[in-house]
Amino acid sequence: MKLSRLASFEHPLALQFQRAFESLTAGLQWDSARPYRGTVRNFLIYLGDNHPSVSSLDQLRREPHILGWFTHLRSQCPPLAPAVYINRLTQLRRILEELAWSAQLPELARLIRREDFPRPPQRLPRALTAQQDQLIQQELLRRNDLPANIFLLLRHTGMRIGECVDLSYDCLRNVGPDRWAIHVPLGKFKTERMVPVDAFVCELVQRMRFFRSFDPLPPDGWLLSRPDGKQALIRQLRYCLHEVTAAAGITTRIVPHQLRHTYASEMIRSSVTLPALMKLLGHADPEMTMRYVDVTSNDLQREYHLAREKPRHLIPQPKAPTISPRTGLDGVIDSLLFAQHAIEMFRRSLPDGPPRRCLDRLSNRLTKILAQIRKLSPAA
């Protein structure tokens with residue numbers, strides 16, 4: 001991956017930026033490294049067109065080179081989306097930090113500052129509505145072809161479409177008696193995981209294996225055949241989803257990733273905890289997982305009434321000791337326990353202030369007195 005493949009111009013800084021780019025993206029996949037190449041190419045073209053005198057790294061300045069590039073990005077037509085603009089700044093900042101370390105020029109790392117980044121847009125969950133989800137699944141079950149089974153697999157496992165395309169033929173694993181899971185290979189964040197599945201998903205995998213057996217291509221270890229490559233297969237599947245949504249009577253645009261959002265929201269409604277959902281989705285950041293969760297007004301109503309019926313957040317009330325006609329030290333202990341209970345109940349009814357703190361100290365003293373009296377008891 002060289003810059004010469006992207007830029008048809010000769011720039012004095014091209015070689016140094018190329019080395020920093022290769023060092024920074026050495027552990028990234030091609031799709032993740034491609035935006036860095038585009039950002040470097042865009043910045044060098046801007047320097048060549050507007051500041052041709054810049055021929056070395058020590059000539060780079062925040063004003064006018066970096067701030068001018070910011071203005072150049074904001075003046076593009078059509079305008080860049082806020083998320084794209086933030087990504088461009090982030091990518092160039094990382095490249096400059098890599099150059100600051102390799103070229104021993106620490107001032108390069110300070111050319112792009114924190115205040116240069118605008119507030120990121122709030123990403124709302126893109127889960128399907130209940131009606132859309134029902135219509136799409138009904139249409140997929142009616143078709144029952146290979147693309148339909150693929151989309152049903154995405155809907156009921158929460159996989160990304162790229163991960164589904166990369167599934168191996170033996171991805172379905174038996175993890176226990178009547179327990180199955182799908183092995184999701186290394187994906188977007190270089191992580192792999194096991195996603196628990198039910199009998200319906202196992203049947204989907206068997207159907208996909210059945211379709212694979214009719215493929216003219218020889219077995220290559222993949223669950224899905226890719227005669228024209230992975231990206232061509234993904235484009236074909238996206239087009240098939242457009243046909244499915246149109247046949248289901250849905251006019252809004254639906255993308256495969258919304259099936260993943262719908263799966264996440266369904267898991268939360270099924271009382272799956274946030275750490276478990278992170279494992280199911282393959283996330284390392286809980287903030288990213290929360291972006292997938294769609295909490296509707298019905299969910300809020302259900303959670304509120306459950307909390308009122310079983311208020312686990314309330315402090316349990318202490319049990320009042322039973323007053324028994326015992327004599328001796330046992331009777332003294334019973335009396336002190338009852339007095340301590342009465343003080344504690346009265347203390348909880350008071351607002352925070354000196355009287356409440358005074359009663360708290362008295363209750364602690366009674367606890368110490370009880371400990372001393374129990375030592376005098378022959379039973380102890």
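Cβ-Cβ distances below 9 Å connect the following pairs, each with a first residue in segment 207-236 that is within 11 Å of I150 (Cβ to Cβ) and in the same structural domain as N144 (by TED's automatic domain parsing), a second residue that is of a type in the set (F, W, Y) and surrounded by 10 or more Cβ atoms within 10 Å (Cβ to Cβ), and a separation of six or more residues or different chains: L223/Y169; L224/F211. You will find that of S363, S377, S335, S324, the residue that is among the polar types (S, T, N, Q), surrounded by 12 or more Cβ atoms within 10 Å (Cβ to Cβ), at pLDDT below 80 and farther than 30 Å from S271 by Cα is S377 and no other. Scanning segment 164-190 for residues that are without any contact (Cβ under 8 Å) to a residue 40 or more places away in the chain, within 21 Å of the chain's Cα centre (by Cα) and surrounded by 20 or more Cβ atoms within 10 Å (Cβ to Cβ) yields one hit, I182.
As for segment 49-71, it holds no residue that is crowded, with 17+ Cβ neighbours inside 10 Å, touching a Leu at 6+ places or on another chain (Cβ under 8 Å) and of a type in the set (D, E). Listed by position, the helices (runs of 4 or more DSSP H) contained in segment 143-260 that have at least 3 residues being under 29 Å from W30 (Cβ atoms) and charged (D, E, K, R) are 230-247. On inspection, H257 qualifies as within 16 Å of the chain's Cα centre (by Cα) and modelled with pLDDT of 90 or more.
Matching residues to (1) in a helix (DSSP H, G or I); (2) under 30 Å from E163 (Cβ atoms); (3) under 28 Å from the mean Cα position of the chain (by Cα):
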site	(1), (2), (3)
R19	yes, no, no
Y36	yes, yes, yes
L44	yes, no, no
P64	yes, no, no
C77	no, no, no
L80	no, yes, yes
A83	yes, yes, yes
R88	yes, yes, yes
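Selection of segment 47-73 for residues being under 12 Å from L108 (Cα atoms) and without any contact (Cβ under 8 Å) to a residue 12 or more places away in the chain yields only Q59.
Inclusion of V255 among residues that are buried (at least 18 other Cβ atoms within 10 Å of the Cβ) and closer than 20 Å to G158 by Cβ is not warranted. Would you mind stating whether L96 is assigned to a helix (DSSP H, G or I) and either modelled with pLDDT of 90 or more or touching a Lys or Arg at 6+ places or on another chain (Cβ under 8 Å) (or both)? Yes; evaluated as a whole, the condition is true for this residue.
Quick check on P125: is it exposed (fewer than 14 other Cβ atoms within 10 Å of the Cβ) and at pLDDT below 90? Answer is no for this residue.
Counting only residues that are farther than 23 Å from T327 by Cα and in contact with a Leu (Cβ under 8 Å, 6 or more places away or on another chain), segment 345-380 holds 5 of them. Filter segment 97-114 down to the residues that are free of Cβ contacts under 8 Å to residues at least 40 places away in the same chain and surrounded by 15 or more Cβ atoms within 10 Å (Cβ to Cβ), then identify the one that is farthest from the chain's Cα centre (by Cα). Of everything passing the filter in segment 97-114, A100 is farthest from the chain's Cα centre (by Cα).
Residues to consider are R37, R19, R62; find the one that is out of contact with any Pro (no Cβ under 9 Å at 6 or more places or on another chain) and more than 19 Å from S102 (Cα to Cα).
Residue meeting the stated conditions: R62.
Going through (1) over 26 Å from the mean Cα position of the chain (by Cα); (2) surrounded by 11 or more Cβ atoms within 10 Å (Cβ to Cβ); (3) under 18 Å from D166 (Cβ atoms) one by one, G229 falls short only on (2).
I'd like to know if segment 5-14 contains one or more residues that are in a helix (DSSP H, G or I), surrounded by 15 or more Cβ atoms within 10 Å (Cβ to Cβ) and not assigned by TED's automatic domain parsing to the domain that holds Q231. Yes. Assessment of segment 115-124 against the conditions (outside any loop (DSSP other than H, G, I, E, B), among the acidic types (D, E), free of Cβ contacts under 8 Å to residues at least 12 places away in the same chain and within 29 Å of L92 (Cα to Cα)) yields at least one matching residue. Of A199, A148, all but one fail to be over 21 Å from A276 (Cα atoms) and in the same structural domain as M278 (by TED's automatic domain parsing); the exception is A148. For the residues R212, R260, R193, the requirement of being surrounded by 14 or more Cβ atoms within 10 Å (Cβ to Cβ), closer than 15 Å to I161 by Cβ and of a type in the set (D, E, K, R) singles out R260.
The values are calculated or read from the model by the stated rules, or taken from the named source; none is laboratory data. For clarity, every value in this text was computed on a predicted model and none was experimentally measured. Don't worry about glycine lacking a Cβ; one is built from the backbone with ideal geometry, like all the others, and counts go over all protein chains shown.
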